[in-house]
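A quick write-up on the structure given underneath.
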Amino acid sequence: MLPVAAASLLLAGCTVGPDYEPPLASVPPAYAEEGSGPGASDADLASWWRGFGDPELDKLVNQAIAQNLDVQTAAARIREARALERASGAAALPRLDAQSSASRQRISEHAIPVPPGGDGTGNFGSFGLPGSEFNTFRIGFDASWEVDLFGKTRRSVEAARARTGAAIWNRRDAQVMAAAEVAESYVALRTLQMRIVTAEAEVALQQRFVRLADARVRGGLVTGESLAQQESQLKTAQAAIPPLKAQANAQIHALGVLTGQPPEALVAQLSPTAALPFAPAVPSGLPSDLLRRRPDIRAAEQNLHAATADIGVVTADLYPRFALTAAPTLISTALASLLEWGSRSYSASASLDWPIFNGGKTRANIERTKAVQQQALIAYRKTILTALKDVEDALGNINNDRRQIASLEQAHTALARAEQIARERFNGGLVTYSDVLQAQASRISLESQLTQARGQQARDTIALFKALGGGWPELAQEKTTKGAGQ
C-alpha cells in the first residue's frame, strides 16, 4: 500500500519539488557616485551609440549586432535550447513504435526429439518437427505511455523553458557586448588618428626648430651641439608616429572581425582620419533599473529558475512511476494469411515501478541538485553586485574625466593665449622666433593630452552604457516586469 503522502499525490497528480519564486534583490536607492537621477529612456539606451552623433559608428554597431559571430553563436544556442525544450515535453506524450519482420527458420534434426507416438511421417504435422523449415511474418506496434503523476516531465519542461529564456538573454548580452566593443574600438581608432595628426604637427614644429638651429649655426650664433640636439628631438618626434599607426591599423582589423568580416575589410573605409566623436551625457537612473535592463542579470535569474525546477525532476524519483503499454501484433507463417483476423495477437499491461532502496542515490541526487540551485542563487546575487560595481566605476571614471578635461581645456586656453602673445611680441621685435616655436610646442603637447583625455571620457561613457545594460534592440519595446523575458 502506498504511504499516505504518496497516495495523496497520486490521486491529485501533483508536481513535486519547490515552486520557483523570483528572489528578492537588495539594491541601494541611488548610486554613490555623482550622476544619479532620472535615467535615460529604454528607447535611448537601446541604441545609445546614436548619442555620439557619428553615422560611421552607427553603421558599424548595427552591422555588429546583425553579423557578429558571438551573437550568431548565441542565436544558435537559442535554437539548441528550444529543441531541448521540445524534447523534454515529448516525454509527456505516448510513444508508438512499429516493427515488421520476415524470417525463415530450420529446426535441427538433432535439437528436438520426435514427440511420443510420432513416427516422423507427419502424423503430428511437419511444422515444428526436427528437420522442418518454415517462414514467419510479423507486423506489430508497441505503444507506451508513462503517466506523469508526480510532475517529473512537467518540471523537466519548466527547467528547459527557463534555460531557453537564459539563452535568449545571453544573446541579448552578446549584443550589448558587441555594441560596446565596436564603439570602444572605434573611439580608440579615432583617438589614435587625432594623436597621429598632433604627432605630425609636432614633427613639423621640430623641423622648423632644426631649420632655425641650422641657420644659427651657419651664422655663428650657436655651436653644432644645439643643432644635433634639435635633430635628435626631430627623430624622436618622427619615431612616435609608426607605433600610433600600427595601433590604429589594429583597431581597424578588430572592427572588421567584430562586424563579422575579414580583418582587412574596413581598411579603405576607416583609414581616412576623422574627428573623435564627443561623448554624450548619460543619466544613470536608479539601481533597481538594472534588474530589468541588464541581460546578464536576467539570464542569471533564468538559470536559477531552471536549477529550482531541476530539484523537482530528481525529487520525482522518490515516487512510483506508472506506465501503460500495449503491443498489437500480426504473426503468420504464411504471407497470404498475415492480415487475416486469426493472425492477431496482442498484449496489454500496466506497470508500477517504485524504487524502494538504492543506497541513498536518489536523496544524494536531490541534495546535489539543491546545492546547484544554491550556486545559481549565489551567481545571481553576484551578477547584481557586479552590475552595481560596473555602474559605480563608470560613473566615477566619467566624473574624473570631466574634471581632468576641464583643467586641460583651461590650460589649453592659456597656452593658446601665450602663443598668440609670443607671435605678437615677435612681430614687434621683442622676442625671437624660437620663443614662438616654444609656445607652439607647449600647445601641441597639451593638445595630445587633451585628445587622449577626451578619448578616455568617450570610452568610459561607453562603459557606462554597457553597465546600464543598453545595446539590445528589444529594449525599446521592453514593457514587461522583471522576470519575464522570453
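Charged side chains reduced to their Cβ positions (Lys and Arg at +1, Asp and Glu at -1) give segment 393-461 a dipole of some 100 debye around its Cα centre.
Its Kirkwood hydrodynamic radius, worked out from the mean inverse distance over all distinct Cα pairs, puts segment 375-455 at 15.8 Å.
Taken over segment 358-471, lysine pairs spaced eight or more positions apart, or on distinct chains, with alpha carbons under 21 Å apart number 4. Proximity of backbone amide H atoms, modeled 1.01 Å from N, is registered between Leu286 and Gly39 at under 5 Å, excluding neighbours fewer than 5 places apart on the same chain.
Relative to its Kirkwood radius, the Cα radius of gyration of the chain gives an Rg/Rh of 1.30. Simple rule: put +1 on each Lys or Arg Cβ and -1 on each Asp or Glu Cβ in the chain, find the dipole, and look at Leu96, Ser442, Pro355; the Cα lying farthest toward the positive end is Ser442.
Dipole size of the chain about its Cα centre, with +1 on Lys/Arg Cβ and -1 on Asp/Glu Cβ: approximately 220 debye, rounded to the nearest 20. Our summary gives segment 216-351 a relative contact order of 11 percent, counting only alpha carbon pairs under 8 angstrom and 6 or more residues apart.
What you get for segment 209-286, charging only the Cβ of Lys and Arg (+1) and of Asp and Glu (-1), is a dipole of about 180 debye around the Cα centre. Across segment 258-299, the fraction of Cα-Cα pairs farther apart than 13 Å, rounded to a whole number, is 74%.
Working note: 222 nm ellipticity from helices only, DSSP H runs with n ≥ 4, each -39,500 (n - 2.57), summed and divided by the residues of the chain, gives -20500 deg cm²/dmol to the nearest 500.
Between Arg321 and Asp353, Trp354, the built amide H atoms are under 5 Å apart, and every one of these is 5 or more places off in sequence or on another chain. The residues neighbouring Ala179, those whose beta-carbon lies less than 12 Å from its own, together hold a net charge of -2 under the Lys/Arg +1, Asp/Glu -1 convention.
Just so you know, all these numbers are worked out from the coordinates, no wet-lab data involved. Remember, it's a predicted structure, so these values are computed and weren't measured experimentally. Neighbour counts are summed over all protein chains in view; Cβ atoms, including those assigned to glycine, are modelled from backbone coordinates with ideal geometry.
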